[in-house]
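Taking it in order: structure first as structure tokens, then the write-up.
The values are calculated or read from the model by the stated rules, or taken from the named source; none is laboratory data. These figures come from a predicted structure and were not determined experimentally. Cβ placement follows ideal geometry from the backbone for every residue including glycine, while neighbour counts extend to all protein chains displayed.
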Amino acid sequence: MKKTLAILLSILMLAIMAVPAMAADTVCPECKMNTFIYYMTVTPNCKEEGYTLWKCSNAECGYEEKIDFVPALGHSFRDAYEHVDGGCTKPSFDHRYCAVCGYEDKINVVEAPDDHAWDEGVHVPAGCELAEHYFYTCTACGVTKIEKELGGAPYTGHDMVLISSPASCLDEAVNVYKCNNCGKEDTIPTTPVDHVDEDSNGVCDVCEKEIVLDEEPHGFYAQIIKWISEIVEAFKAFIAAIKG
């Protein structure tokens, strides 16, 4: 409430300042010859006071004078202080911001120790993706780091084994692989292909389904045949149009 009244009073004072306090025919107090004229009103802000500026009408004289000063408004902090924990490498402090000009008010500044307090570390043997290393944690701020073991074993890479495959040769699906070492799984999409029947027994050697002879072709090769057929038909239509 007090802050609001202060702002209202400042606005009132600005309105008063807008009216020149000197007569229009005031003589410049410096050169004693030219007219001293109203030039501008500078409004106060959070840090700087306001005033009315008068200047000599003669630019060569250059004399100017500030009058009718209005005190600075002061910062308007609406929010409470917020704590910032800088951890081990940056300062910690409490701060808040002025709602008008954005000025940062910072208190209780504590400089950082400039280094982490690392624990003894945990030894981690070589795995599929990481070489042998030590895993450290800062006991003060919780930050972690990894350092390779000097002369340690390199990473092994995954040993992926197919654990699931599509049951059909004609539909898009995925092959599922799993690492024997770490258990990580990965999937690889499959491309539809036609049935394979090398022993000519009427059963697909891949999906073990019975092959229907009048079944419409599927897969990559069937698509090629379709494209060729469309090109041939388009060429025939083109020739017929020329002859017609």
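Listed values, structure above:
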read-out: Single condition residue 193 does not satisfy, out of (1) surrounded by 13 or more Cβ atoms within 10 Å (Cβ to Cβ); (2) at pLDDT 80 or above; (3) part of a loop (DSSP other than H, G, I, E, B); value: (2)
read-out: Condition check for residue 143: surrounded by 12 or more Cβ atoms within 10 Å (Cβ to Cβ), of a type in the set (A, V, I, L, M) and within 28 Å of residue 185 (Cβ to Cβ); value: no
read-out: Hits in the stretch 54-88 - residues which are in contact with a helix residue (DSSP H, G or I) (Cβ under 6 Å, 6 or more places away or on another chain) and of a type in the set (Val, Ile, Thr); value: 70
read-out: Those residues of the stretch 34-66 which are assigned to a strand (DSSP E or B) and small (Gly, Ala, Ser), in sequence order; value: 50
read-out: Condition met for residue 69 (assigned to a strand (DSSP E or B) and either in contact with a Ser or Thr (Cβ under 7 Å, 6 or more places away or on another chain) or under 30 Å from residue 50 (Cα atoms) (or both)); value: yes
read-out: Residues satisfying the stated conditions in the stretch 124-140, i.e. more than 21 Å from residue 184 (Cβ to Cβ), modelled with pLDDT under 90 and not hydrophobic (A, V, I, L, M, F, W, C); value: 139
read-out: Evaluation of residue 63 against (1) in contact with a His (Cβ under 8 Å, 6 or more places away or on another chain); (2) in the same structural domain as residue 33 (by TED's automatic domain parsing); (3) not charged (D, E, K, R) (one fails), failing number; value: (1)
read-out: Boolean, residue 80 is outside any strand (DSSP E or B) and either of a type in the set (Val, Ile, Thr) or surrounded by 15 or more Cβ atoms within 10 Å (Cβ to Cβ) (or both); value: no
read-out: Any hit, the stretch 147-161, residues being in a strand (DSSP E or B) and either modelled with pLDDT of 90 or more or within 30 Å of residue 211 (Cα to Cα) (or both); value: yes
read-out: Residue match in the stretch 89-112 (condition: in a loop (DSSP other than H, G, I, E, B), among the polar types (S, T, N, Q) and in contact with a helix residue (DSSP H, G or I) (Cβ under 7 Å, 6 or more places away or on another chain)); value: no
